[in-house]
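Participant: Have a look at this one before I ask anything.
Read-outs throughout are calculated quantities, based only on the coordinates presented, and are distinct from any laboratory measurement. The structure presented is a predicted model; accordingly, all values stated were derived computationally and were not measured. With ideal geometry, Cβ positions are generated from the backbone for all residues, glycine too; neighbour counts draw on all protein chains shown.
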Amino acid sequence: MKIKIFAQAAAAALVVFAAEHSYAGCGRVASASQFDSFYAPLWGCAQTNINDMWSRFAFDAADWGGDMGYSNVCDDSTPLKRTFNAMQLLAYGMTNAPTCSTSSSNVGMWAYCWAGDNIDEIYPTCETGGTRAKTQFGTFVDNYTKLYQPFFYDETVVQRAGTLFHEARHANGWCSHTSTCADGGDSCDPNFSSGCVGTGSGSGPGANGYTVLYMNWFATTARSNWINTAIRANAVSEGNYYLTRRFGTDPCFRMNSAGYTFKTC
Amino acid sequence: MDAVGTGSQAALDAELAEFARTSDAVDVLQHTYASLPRQAAASRFRTVYIAGQIATPAAVKFLADVALSAPDIVAASAGHGEVTDQGFQSRYTASTALVHHYVAAVPNAAEAVEQLLGNADPEIAKGVGVELFSQGKLSEAWRSKLKSRNIFADFKAIEGAELDKLRTLDVEHAGHQGASKKTRVRVSHVAVPPASE
């Protein structure tokens, strides 16, 4: 009987996360199932990395005080640390030497610097907002990227990294969304190769396309110690979710479980 | 213990193997999955992923139940970036795990895959087709099964120049902003408390 109870307890510990949860910002409990504990040791909450992120993304201490984590910056349950973990994945997930040159076709080489360059400033909110993040852009407006509660507590680290890259595309290309796709609600790109729409917008894939490409490159070229099979599965399913539900016209390709692409119409 | 979080792939494999040896592993996973709210998509994904590593008929049944479940659509009031099909990742992950079980000849997996091709929601069925095709296991009979549902089944790997075209972004000419356009002043050093973990 004792053995049975022990087995059940061990099993429960494997899949249930209560013991690993701690009170976090926005009144939410931080789940341990979002891979923060996988990535946190890989960059060690190093001060130099923090300084670089702080500068590159124009964080402001006033925005990240209290439960947001400024005074507890290495605690994986806070919004700030969960944002940092995603930024570090964006930087080092596919290379140990991220660059600002966008000459490589592999977005993982430059996604971090490019996102930092294009996101004007970044700040958090506890609002759910019906969204993960939003970016305001334009010539005569204050440009910013706002991260909502679901970004911190409903997304895995790799999803968060994809969201940052996605928002950077909004900031960079002034790419808006439409409401014509399975998900609707101002979350759609018209198609994969030309998805950047709106007044003064750029050309090429829109923000959803950037999410897909980030997941694809990550799933197929991530550094071996920055991914495991569960995280790859998470990245592929995220990419396929976007391919399935976020384009007005079906992009006609999907990824298999290894991240490789196949024509599907 | 964060089963699919902490440590290397080897650590993950060891934890999963240990867990899979427990006699009631699938029961625990089923119970956990059922108890998780739809919003806990990451936890539900993780639960299904773990079940996918257990090569038993009980795991096959659980995975098939998940993969065959109907899309879990939240009302379309969802805004920019909100996930409306909360169950997609779980269904997709369960379905690809079943294909892997089929390839590994796990009992009942072949029947489960066939059921998915015939009855899963079309996007999941298509994903199963892609996974089977990529493993060289999409038979003509199963291809026909997809086609009978008007689901595309003439899959083809995207490779070479075609893949390059798909994956290459011309970011230099595709946007507006850059480092020089940043309006908030950057700071070179921030007095953030040092690492304390």
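Participant: Look at segment A:180-223 and say how many of its residues are in a loop (DSSP other than H, G, I, E, B) and facing another protein chain (nearest Cβ under 9 Å).
Facilitator: Number satisfying all stated conditions: 15.
Participant: Can you find a residue in segment A:181-189 that is touching a Phe, Trp or Tyr at 6+ places or on another chain (Cβ under 8 Å) and either of a type in the set (D, E) or farther than 21 Å from A:E155 by Cβ (or both)?
Facilitator: Yes, some residue in segment A:181-189 is touching a Phe, Trp or Tyr at 6+ places or on another chain (Cβ under 8 Å) and either of a type in the set (D, E) or farther than 21 Å from A:E155 by Cβ (or both).
Participant: Can you pull out every residue in segment A:55-68 that is more than 8 Å from chain B (Cβ to nearest Cβ) and of a type in the set (D, E)?
Facilitator: Once the filter is applied, which keeps residues that are more than 8 Å from chain B (Cβ to nearest Cβ) and of a type in the set (D, E), segment A:55-68 yields A:D63, A:D67.
Participant: Restricting to segment B:38-67, name every residue that is farther than 23 Å from B:P107 by Cα and among the small types (G, A, S).
Facilitator: B:A40, B:A41, B:A42, B:S43 - these are the residues of segment B:38-67 that are farther than 23 Å from B:P107 by Cα and among the small types (G, A, S).
Participant: Anything in segment B:27-63 that is surrounded by fewer than 24 Cβ atoms within 10 Å (Cβ to Cβ) and either more than 10 Å from chain A (Cβ to nearest Cβ) or touching a strand residue (DSSP E or B) at 6+ places or on another chain (Cβ under 8 Å) (or both)? List them, or say none.
Facilitator: Within segment B:27-63, B:Q30, B:A34, B:P37, B:R38, B:I54, B:A55, B:T56, B:P57, B:A58, B:K61, B:F62 meet the criteria.
Participant: Return the residue satisfying two criteria in turn: it lies in segment A:240-250 and is surrounded by fewer than 24 Cβ atoms within 10 Å (Cβ to Cβ) and more than 8 Å from chain B (Cβ to nearest Cβ), and of such residues it is nearest to B:K137 (Cα to Cα).
Facilitator: Restricting to residues being surrounded by fewer than 24 Cβ atoms within 10 Å (Cβ to Cβ) and more than 8 Å from chain B (Cβ to nearest Cβ), the top hit is A:D250.
Participant: When segment A:138-179 is examined, which residues are found to be hydroxyl-bearing (S, T, Y), facing chain B (nearest Cβ under 8 Å) and not in a loop (DSSP other than H, G, I, E, B)?
Facilitator: Passing the criteria: only A:T163.
Participant: I'm trying to understand the selection: among the residues of segment A:226-260, which are hydroxyl-bearing (S, T, Y), under 11 Å from A:F192 (Cβ atoms) and in contact (Cβ under 8 Å) with a residue 40 or more places away in the chain?
Facilitator: Listed by number, the list holds a single entry, A:T249.
Participant: How many of the residues in segment A:24-54 are in contact (Cβ under 8 Å) with a residue 24 or more places away in the chain, part of a helix (DSSP H, G or I), over 17 Å from the mean Cα position of the chain (by Cα) and facing another protein chain (nearest Cβ under 9 Å)?
Facilitator: Final tally of qualifying residues: 1.
The rows are residues; the columns are (1) over 28 Å from A:V29 (Cβ atoms); (2) among the acidic types (D, E).
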residue: A:T131; (1), (2): no, no
residue: A:F140; (1), (2): yes, no
residue: A:T156; (1), (2): no, no
residue: A:A161; (1), (2): no, no
residue: A:E167; (1), (2): no, yes
residue: A:G173; (1), (2): yes, no
residue: A:T178; (1), (2): yes, no
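Participant: Quick one: A:S71 ticks every box in (1) facing chain B (nearest Cβ under 8 Å); (2) in contact (Cβ under 8 Å) with a residue 40 or more places away in the chain; (3) in a helix (DSSP H, G or I) except a single one, so which number is it?
Facilitator: Unmet condition: (2).
Participant: Please enumerate the residues belonging to segment B:126-157 that are facing another protein chain (nearest Cβ under 7 Å) and either under 20 Å from the mean Cα position of the chain (by Cα) or under 22 Å from B:E111 (Cα atoms) (or both).
Facilitator: B:K126, B:G127, B:V130, B:E131, B:F133, B:S134, B:F152, B:F155, B:A157
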